[in-house]
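Structure record follows, encoded as structure tokens.
Coordinate-derived values only; no laboratory data. Not measured: the values here are computed from a predicted model. Cβ: placed from backbone, ideal geometry, glycine included. Neighbour counts: every protein chain shown.
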Amino acid sequence: MLDGVMLLWFLLTALSLVFVAVDIQSTPESPVLKWGFILLTAYTGPLGAFLYVLGCREPLPGMHERYVATRWRQVLGSTMHCVAGDGVGILAGAVIASIFHLSKTTDIALEYVLGFGFGWSIFQALFMREKAGGSYRQALTSAFFPELLSMNCLMAGMVPVMVLATASIPASRDPSRPAFWFVMSMALLFGFITAYPMNWWLVSRHMKHGMMTVRSPDESENGEADEGMQGNHPLSGHAGSGPQNIKPPMGGDMKSVSNGVLTGMTILSCMVFGLGLAIAHIFGGL
């Protein structure tokens, strides 16, 4: 039964990945988020493709700016970016832990460190350093707390799934077996769900970016608005509508968040992570 489910899942994932990788080339999205959706689809299969179509794919030419301006789509872009980047480090940690037969606790710690390190230093700071004026050091500083809050909630969803699944499916401990990748896919999927509310708060406080729109010079010259990187510019050149401002959240701006609120949200994210660990301990023998 499980083998049949996994076979179907991997088949749908392959088809979904091909679709997204090809189709997203014509979507005026930021390159880093294009890669993010490709990675998310590799992790979450048809659900990733569904989220791409529903949340990012331009419905009509010139409509991407308006389409992605809604809050839930902005949060989708933020959460997807988090899961895509952190997921690379998390998967690397899981593979290393399996090869060296590390304990469950050490495994989770390694996944956290590698996931946070890659997501923070590469996917958030390096790829998004333009938002910090091109300064990588400033980008590291501005991305640290948003990445920490999001990572804690992501792991809160992932850990119980990983621990419970590996206890029930021994083959899922071996990276050479399909069960390992199936379980990690399900864990990342649950992590996406638990990280979404925190990313909503981060986006609403302008601490993380959402979806982006990047127009080519030719498109911009033809009257379709070049949204730059964040869509925080006027839209113009669309038939039947005058210029207007759509202001999706900007990344890395924590000026409107007091230190007390940031500390409180950090504690809350740690508590959420702790709850995930507690569930894994009680029901999975962590």
Exercise. Test each condition in (1) closer than 22 Å to Glu147 by Cβ; (2) of a type in the set (Val, Ile, Thr); (3) surrounded by fewer than 18 Cβ atoms within 10 Å (Cβ to Cβ) for Val53 and report the one that comes out false.
Key: (1)
Exercise. Name, by its number, the condition in (1) of a type in the set (Val, Ile, Thr); (2) under 20 Å from Leu202 (Cα atoms); (3) surrounded by 17 or more Cβ atoms within 10 Å (Cβ to Cβ) that does not hold for Val88.
Key: (2)
Practice problem: State yes or no: is Leu51 touching a Gly at 6+ places or on another chain (Cβ under 9 Å) and touching a residue at least 12 places away in the same chain (Cβ under 8 Å)? | Solution: no
Quiz prompt | Qualifying position, being closer than 23 Å to Leu39 by Cα and touching a residue at least 40 places away in the same chain (Cβ under 8 Å), among Leu91, Leu110 | solution = Leu91
Self-check item: Subset of region 182-211 that is aromatic (Phe, Trp, Tyr) and surrounded by 21 or more Cβ atoms within 10 Å (Cβ to Cβ) - its residue that is farthest from Phe127 (Cα to Cα)
Solution: Phe182
Quiz item: Is it true that Gln138 is within 18 Å of the chain's Cα centre (by Cα) and not small (Gly, Ala, Ser)?
Solution: no
Exercise. With respect to Phe118, determine if the residue is surrounded by fewer than 24 Cβ atoms within 10 Å (Cβ to Cβ) and either among the aromatic types (Phe, Trp, Tyr) or closer than 24 Å to Ala278 by Cα (or both).
Key: yes
Exercise. Answer yes or no as to whether Ser142 is in contact with a Gly (Cβ under 6 Å, 6 or more places away or on another chain), of a type in the set (S, T, N, Q), crowded, with 19+ Cβ neighbours inside 10 Å and part of a helix (DSSP H, G or I).
Key: yes
Quiz prompt | Number of the condition not met by Ala97 [criteria: (1) at positive phi; (2) without any contact (Cβ under 8 Å) to a residue 40 or more places away in the chain; (3) crowded, with 18+ Cβ neighbours inside 10 Å] | solution = (1)
